[in-house]
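Report on the structure given below.
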Amino acid sequence: MSSLVKCPHCGLRPREEFTIRGEVPTPRPAAGADESVWFDHVYLRDNPRGQHREYWHHSGGCRRWLVLDRNTVTHETGDVVDASTLKSEGRA
Amino acid sequence: MRYSALSLLGNTFSKNKNWKPAWRNPDPKPRYDVIIIGGGGHGLATAYYLSKVFGVRNVAVLEKGYLGSGNIGRNTTIIRSNYLLEGNNPFYEFSMKLWEGLEQDFNFNAMVSQRGVINLYHSDAQRDAYTRRGNAMRLHGVDADLLDRDQVREKLPFLDYDNARFPIMGGLMQARGGTVRHDAVAWGFARGADQNGVDIIQNCEVTAIDRDGDQITGVQTTRGAIKCGKLAMAVAGSSSHVARMVDMHLPIESHALQAFVSEGLKPFIDTVVTFGAGHFYVSQSDKGGLVFGGDIEGYNSYAQRGNLACVEHVAEAGMAMIPALSRVRILRSWGGIMDMSMDGSPIMDRTHLSNLYFNGGWCYGGFKATPASGYCFAHLLATGTPHETATAFRMDRFARGYLLDEKGVGAQANLH
Ligand SMILES: Cc1cc2nc3c(=O)[nH]c(=O)nc-3n(C[C@H](O)[C@H](O)[C@H](O)COP(=O)(O)OP(=O)(O)OC[C@H]3O[C@@H](n4cnc5c(N)ncnc54)[C@H](O)[C@@H]3O)c2cc1C
Ligand SMILES: [Zn+2]
C-alpha cells in the first residue's frame with residue numbers, strides 16, 4: 001500500500017491516518033425501491049482485480065469521507081476526491 | 001501404489017529408488033464430463049468424492065498455478081466444528097467426521113491431530129455466549145466442554161490470566177478439534193482423485209468461459225480450449241474474478257489474510273488456543289514452530305501478501321494473551337486471498353446457467369470444511385440437489401433474507 005495518501009483537504013498524509021470502508025456501492029436506492037434494487041445495493045460487490053473505487057475516512061485528520069482509486073493487486077493509490085463530489089454528481 | 005508399512009519397508013531396502021510420482025501430469029483432453037476450476041483443497045476434494053462416491057470419473061481439475069499454491073497451502077491448519085447455527089453445525093460436524101477417517105480413506109498421512117481447540121472467554125457475557133454455543137453443539141451431538149479458569153490454567157499455564165483489561169475467566173473446548181497438515185490434504189486428495197482417473201492439470205488458467213444460451217459449453221485456458229458437460233467453480237479468493245466471465249455478480253469481497261510461524265521451540269502449546277478479546281489463534285507445529293494468525297487486512301486485495309500494520313496488530317493480540325511471546329522470533333509470514341461473503345458463510349449452489357455450479361465464500365474458515373465441501377459439492381454436481389448438511393448455503397439467501405450470520409455482524413465482509 002502507498003505509505004502516503006493525498007487528502008484533498010490536508011495534503012500528503014501517512015496511510016495510518018486513514019480508515020478504509022470499502023467499495024463504493026451503487027447509489028443508495030429510494031426507500032420504496034424494489035427489493036432487488038436494495039439487494040444489489042446492500043449485498044453485491046464488484047470486487048475487481050485491478051482498479052477499485054472505495055470509501056476512505058480520514059479518521060486521523062480532517063475526518064472527511066473520501067473516495068479513492070486503488071489498484072487491488074499493486075495497492076497503488078490514484079485520484080482522491082471528497083465524497084460529497086460523488087453526491088453532487090448523483091453517484092452516491 | 002498403496003502406501004503401507006510394507007511399501008515403506010520394501011522401498012527402504014531398494015534404497016528409495018522405486019517411489020513413483022503420487023499423481024500423473026496429463027495434458028488436457030478435448031472434453032470432460034465435469035471440469036472443476038481451481039486445484040485448491042475444495043476443488044481436489046470435489047474431484048476425489050465425485051470419482052470415488054458418485055462414480056463420475058471423466059473429470060478434470062484445472063489449476064492456474066501449481067497444486068497447493070492457493071489458500072490450501074497457506075492456512076493455519078485449524079479444524080473444528082464448534083458452530084452455533086442450525087445451518088452450519090451439521091455441515092462442519094460432517095466435515096469433522098470425514099477428517100476422522102480421512103487418512104485411511106485416501107491412504108495418505110495428513111497428520112490429522114485432534115489436540116483440542118480452546119476458545120478463551122474474558123467476561124460474564126462472553127461466558128454466557130460460549131455456554132449457549134456449547135449447548136447448541138451438544139444438541140447436535142458435537143462434543144463441547146466449558147472450562148473454568150482453573151481448568152484452563154492446568155492446560156495452559158503460560159497465559160496472562162490477570163491481564164487488567166482482559167482477564168481470562170475460562171474457555172470453551174472442543175476436544176475433537178485440532179490441526180491437520182494442510183499440504184498433505186491437497187496431496188492426498190490429488191493422489192486419490194488421480195488414481196480414480198481424474199486429470200489434474202496444473203499451470204492451466206481459465207481465461208474465458210464459453211456458452212451457448214444458458215448452457216456452458218467449455219472453457220478457454222492458457223493450455224487451449226476444453227469442452228465440458230458441467231462446470232464447477234472452486235476458486236476461493238478469485239471467485240468474483242472468475243464469476244465475472246459469465247456476468248455473475250457475487251456477494252463476496254476478496255481480502256488478504258496473513259499467517260506467521262515462529263522459530264522452533266520445545267513443546268509449549270499442545271492445543272489450539274484462541275483469544276476471546278481480540279482476533280488471535282495459535283498452535284504449535286510438530287517441528288516446534290508456533291503457527292498463528294489474526295484478522296484480515298481490512299481492504300479489498302488480490303495481492304497474496306499483507307501489510308506491516310496487521311503484523312503489529314497480530315503481535316499485540318498475541319502478547320496480550322501469551323506475554324512470553326515477546327521473546328519469540330517470527331521466522332516467516334505470508335498471505336492468502338480470502339473470499340469473504342456478506343454474512344460470513346459459504347455459498348454452494350447451482351447458478352443462473354443450467355450446468356454451472358458455484359462453491360465459494362469460505363472466508364477464513366474453509367480449511368476445516370475441505371472434506372465436507374468436496375463431498376457436498378460432488379453431491380450437488382452429481383445429483384443436482386444439495387447434500388442434506390449443505391442446504392443453508394444457497395446463493396439466493398441474501399435476497400430472501402435467510403442470512404447465515406454466525407458472527408452476527410451483518411453485511412460487512414471485513415467484519416466476518
Ligand atoms: C493465512 C490463512 C489462514 C487460514 N487459516 C485457516 C484455519 O486455520 N482454518 C480454516 O478452516 N481455514 C483457514 N483458512 C481458510 C482456508 O485456507 C480457505 O478457506 C480454503 O483453503 C479455501 O478453499 P481452497 O482450498 O479450495 O482454496 P485455494 O487453495 O485458494 O484454491 C483455489 C484455487 O483456484 C485457483 N484459481 C483461481 N483462479 C483460477 C483460474 N482462473 N483458473 C484456474 N485456477 C484458478 C487458485 O490458483 C487456487 O489454487 C486460512 C486462510 C489463510 C489465507
Ligand atoms: Zn484530510
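The values are calculated or read from the model by the stated rules, or taken from the named source; none is laboratory data. Just so it is clear, the model here is predicted, and its values are computed rather than measured. Positions of Cβ are generated from backbone atoms using ideal geometry, with glycine treated the same way; all protein chains shown enter the neighbour counts. Just the protein is used for accessible areas: all its heavy atoms, side chains included, with ligands, DNA and RNA removed. Shrake-Rupley method; radii C 1.70, N 1.55, O 1.52, S 1.80 Å.
Across the range B:13-23, computed HN-Hα scalar couplings (Karplus, 6.51 cos²θ - 1.76 cosθ + 1.60, θ = phi - 60°) run 5, 8, 6, 6, 8, 9, 5, 9, x, 6, 8 Hz from first to last residue, x flagging Gly and Pro.
Buried on complex formation within the range B:241-282 (loss of at least 10 square angstrom of accessible surface versus the isolated chain, 1.4 Å probe, ligands and nucleic acids ignored): B:HIS241, B:ARG244, B:HIS249, B:LEU250, B:PRO251, B:ILE252, B:GLU253.
With viscosity set to 0.692 mPa s and temperature to 37 °C, compute the Stokes-Einstein D of the protein assembly as shown, Rh being the Kirkwood radius across alpha carbon pairs; µm²/s, no decimals. This corresponds to a translational diffusion coefficient of 136 µm²/s. Buried accessible surface for the A/B chain pair comes to about 2100 Å², total over both chains, computed with a 1.4 Å probe. Quarter the surface of the alpha carbon convex hull of the range B:156-248 and you get the mean projected area, 11.5 square nanometres. Let a ≥ b ≥ c be the square roots of the eigenvalues of the Cα gyration tensor of the range B:1-110; is it rounded (a/c under 1.5), or, if not, prolate (a/b larger than b/c) or oblate? It comes out oblate by the Cα gyration axes.
Between B:LEU67, B:LEU231, B:LEU139, the Gaussian network model of chain B with springs among Cα atoms under 10 angstrom shows the greatest mean-square fluctuation at B:LEU139.
Label-to-label distance for B:LEU415 and B:ASP162 is 3.6 nm, based on points extended 7 Å past Cα in the beta-carbon direction.
Note on A:47-53: average number of Cβ atoms from other chains within 10 Å of each residue's Cβ is 6. Note on chain B: Cα-only Rg and Dmax are 21.4, 65 Å. With only the Cα atoms considered, the range B:345-412 has a convex hull volume of 95 Å³ per residue. Mean partner shielding of peptide A:55-66, defined as the number of other chain Cβ atoms within 10 Å of each residue Cβ, is 0. For the protein assembly as shown, A:CYS62, B:CYS204, B:CYS228, B:CYS310, B:CYS363, B:CYS376 stand unpaired, since no other cysteine beta carbon lies under 4.7 Å from theirs. For the range B:300-397, which trypsin sites (Lys or Arg not before Pro) are both in a DSSP coil and crowded by at most 14 other Cβ atoms within 10 Å? Answer in residue order: B:ARG305, B:ARG329.
Could you please state, rounded to a whole Å, how far the C-alpha centre of the range B:384-409 is from the C-alpha centre of the range B:94-118? Rounded to whole Å, the Cα centres lie 26 Å apart.
Straight-distance candidates among the aspartates and glutamates for linking to B:LYS64, with alpha-carbon spacing under 15 Å and chain neighbours fewer than 8 residues away dropped: B:ASP27, B:ASP199, B:GLU205.
Counting only lysines at least 8 places from B:LYS15 when in the same chain, those with an alpha carbon closer than 27 Å to its own are B:LYS287. The percentage of C-alpha pairs in the range B:285-327 whose separation is greater than 15 Å is 51%. Listed by chain and number, the lysines whose C-alpha is less than 17 Å from the C-alpha of B:LYS230, apart from same-chain residues fewer than 8 away, are B:LYS29.
Assuming a ≥ b ≥ c are the square roots of the Cα gyration tensor eigenvalues, decide whether the range B:58-169 counts as rounded (a/c under 1.5), prolate (otherwise, with a/b larger than b/c) or oblate. It is prolate, given that a/c is not under 1.5 and a/b is the larger ratio.
Around the amide H of B:THR217, modelled in the peptide plane, lie the amide H atoms of B:ASP210, B:ARG211, B:ASP212, all under 5 Å away and 5 or more residues distant in sequence or on another chain. Note on the range B:264-389: along the principal axes its Cα atoms extend 56, 31, 25 Å, ordered by decreasing extent. Leaving ligands, DNA and RNA out of it, report the carbon-plus-sulfur percent of the accessible area of the protein assembly as shown at a 1.4 Å probe. It is 51 percent, rounded to a whole number.
A DSSP coil position with no more than 15 other Cβ atoms inside 10 Å describes the following trypsin sites (Lys or Arg not before Pro) in the range A:1-81: A:ARG63.
Peptide B:329-337 is shielded by partner chain Cβ atoms: per residue, an average of 0 of them sit within 10 Å of its Cβ. Under a 10 Å cutoff between Cα atoms, tell me which one of B:ASP210, B:ASP343, B:ASP199 has the largest fluctuation in the Gaussian network model of chain B. Ranking B:ASP210, B:ASP343, B:ASP199 by mean-square fluctuation puts B:ASP210 first. For the range B:253-323 and the range A:1-51, what is the separation of their C-alpha centers, rounded to whole Å? Distance between centres, Cα-based: 28 Å.
Under 1.5 on a/c is rounded, so check that first for the range B:103-164, then, if it is not, pick prolate when a/b is larger than b/c and oblate when it is not; a ≥ b ≥ c are the square roots of the alpha carbon gyration tensor eigenvalues. It is oblate, given that a/c is not under 1.5 and a/b is not larger than b/c. Among the listed pairs B:LYS52/B:LYS407; B:LYS266/B:LYS407; B:LYS52/B:LYS368, a Cα-Cα separation exceeding 24 Å is found for B:LYS52/B:LYS407; B:LYS266/B:LYS407.
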